[in-house]
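So the structure is just underneath, and the comments pick up after that.
The values are calculated or read from the model by the stated rules, or taken from the named source; none is laboratory data. Please read these numbers as outputs of a predicted model, since none were measured by experiment. Heads up, the Cβs are rebuilt from the backbone with ideal geometry, glycines too, and the neighbour counts pull from every protein chain shown. All accessible areas refer to the heavy atoms of the entire protein, side chains included, with ligands and DNA or RNA removed. Shrake-Rupley method; radii C 1.70, N 1.55, O 1.52, S 1.80 Å.
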There are 2 protein chains.
Amino acid sequence: MFKIFISLVKNIINNYANFIVMLSQAIQDYLKTIYKLENSGAVSTTAIAKELNISGASVTGMLKRLSTMKLVDYNSYKGVRLTNEGRKIALEVIRHHRLLELYLKEALGFPLDKVHDEACRLEHVISRDFIDKIDEILGSPEFDPHGHPIPDKDGSVSKSDELSLITVKGGDTVIIKRLADHDQEMLAYFEKKRLVPNVVLKIIDKAPFSGPITAFYNDENQIIGNEIAKNIYIEHYSEESE
Amino acid sequence: MFKIFISLVKNIINNYANFIVMLSQAIQDYLKTIYKLENSGAVSTTAIAKELNISGASVTGMLKRLSTMKLVDYNSYKGVRLTNEGRKIALEVIRHHRLLELYLKEALGFPLDKVHDEACRLEHVISRDFIDKIDEILGSPEFDPHGHPIPDKDGSVSKSDELSLITVKGGDTVIIKRLADHDQEMLAYFEKKRLVPNVVLKIIDKAPFSGPITAFYNDENQIIGNEIAKNIYIEHYSEESE
DNA sequence: AAAATAATTTAGATATGTTTAAAATTTTTA
DNA sequence: TAAAAATTTTAAACATATCTAAATTATTTT
Ligand SMILES: [Mn+2]
Ligand SMILES: [Mn+2]
Ligand SMILES: [Mn+2]
Ligand SMILES: [Mn+2]
């Protein structure tokens, strides 16, 4: 029975519009995690275990099962990579997550620090009909509220910006592109200070020795601490870049 | 560890705003099912098994666990009833379900036959913040798209109407209050024929021997078959009743 | 290159939630 | 009221997903 199920997975993926709903939450989260960790290279058991906050032994067990299901290529002791099928699922879950986050924020008025947990639960059970509908309502947005790119229906997705605000110098003008989203308290602070994606900052000064940044935005000069700046990712701004 | 968890359930229920999210989907569905089946009397193992499409043995096992968790009062061979805590949870899940159904229909334009399955998955993982928000957007509605009453935040809920359309006679004027929701094809047909809650029907004729009903609504005379009429629940209509 | 260390897997266990088959109990029928 | 039938529970098994502890493999250090 199990074998039959496994052998049908590929068919299901290709033919059944809502296949994600048939995979366990655990499987979906593993695939998502492997996707996030594989930057041109196999992902280690330990890396996955750390990210998901579970034991390495649990990861090994799941990797074997994902391998049987042809969702990953797994080599004992060598690490794991997603297959095309596995990546397809990972990207769909991520698309769900990010569209949900934006919908929660824009349509339902959720605060920035509350969208992640909700999206992380709903992403696994929401149908494509629901997702397509909120994508339409939001006008096929490109970025979630943290500035993460939203994969499109075909699974293509742009790269995240990786230039941190701590790299700026006085005189620069930059635009906020992305916020690190691992700390809820910090997310609440970002929102309170209106340090959110698409805000343009004129850098007045950057104090030495990891000192604070003085930036003009929102009609006044504001001080941004080093710890905060580290978690804000930017692009250098020019009129035509927008 | 398990014992400790069990002993904390009551506390969690009373203190943690999103406690439902901490109970498994299975537990939530059992409680919902028992709620629906207990019309002043204990619910049998077999009734639950039939409703959930699982074996009786599975039900017995779960009832023991729910009993340990003090969510039901269970007597071997005698049947089961919800405790107050259990009923509270059942009503919250039902509230989630029905508000979701209405939101899917009204805000996202889902067809009537598609709202149930989606709501049945989302109801278990959606937070109170989300539910409160859609309740607000919908204006604290009293009924879901099938005409089922939506429990309010305190868990109070009105009774469903039980008078079927087949009971009418020529000359009656009735208002549709509720639709049976077990058959998706029939739900699609209800919607196509605009036989939905709050529609007023002037009964022109009811043919004998379980024959069809002729009713005036939507500006014309329409024929309603017996099988369809059986699944439509109504109230007799008078101006002041609205 | 051997020893030490770190990463990974295996083995054995547990909790959840399900199944079928057999045993026990309750209800119905004669 | 005794036998038959139906319901319910128990027993044994399985799949999923996790754990800890021990064994194995790979990597780093000396
Ligand atoms: Mn998740
Ligand atoms: Mn995000
Ligand atoms: Mn459900
Ligand atoms: Mn309904």
Breaking point among (1) under 26 Å from A:Ser24 (Cα atoms); (2) loosely packed, with under 15 Cβ neighbours inside 10 Å; (3) in contact with a Phe, Trp or Tyr (Cβ under 7 Å, 6 or more places away or on another chain), for A:Glu162:
(1)
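Which is exposed (fewer than 14 other Cβ atoms within 10 Å of the Cβ), within 22 Å of B:Lys36 (Cα to Cα) and outside the structural domain of B:Lys32 (by TED's automatic domain parsing), of B:His182, B:His236?
On the way: B:His236 fails: within 22 Å of B:Lys36 (Cα to Cα).
Checking each option against the conditions leaves just B:His182.
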Which residues, counting only those in region A:90-103, are more than 11 Å from chain B (Cβ to nearest Cβ) and open to solvent by less than 10 Å² (accessible area, probe 1.4 Å)?
A:Ala90, A:Val93, A:Ile94, A:His96, A:Leu99, A:Glu101
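Could you tell me how many of the residues in region B:104-130 are in a helix (DSSP H, G or I), at the interface with chain A (Cβ under 10 Å from one of its Cβ atoms) and within 18 Å of the chain's Cα centre (by Cα)?
Step one: list which residues in region B:104-130 are in a helix (DSSP H, G or I), which gives B:104-106, B:115-122, B:128-130.
Narrowing the set further to residues that are at the interface with chain A (Cβ under 10 Å from one of its Cβ atoms) leaves B:104, B:117-118, B:120-122, B:129-130.
So of that shortlist, the ones also within 18 Å of the chain's Cα centre (by Cα) come out as B:104, B:117-118, B:120-122.
Residues that pass the stated criteria total 6.
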Is it true that some residue in region B:81-92 is within 16 Å of DNA strand C (Cβ to nearest atom) and in a strand (DSSP E or B)?
yes
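I'm trying to understand the selection: among the residues of region B:131-149, which are open to solvent by 60 Å² or more (accessible area, probe 1.4 Å) and either within 14 Å of another protein chain (Cβ to nearest Cβ) or under 16 Å from the mean Cα position of the chain (by Cα) (or both)?
So in region B:131-149, the residues open to solvent by 60 Å² or more (accessible area, probe 1.4 Å) come out as B:136-137, B:140, B:142-143.
Matches in region B:131-149: B:Glu136, B:Ile137, B:Glu142, B:Phe143.
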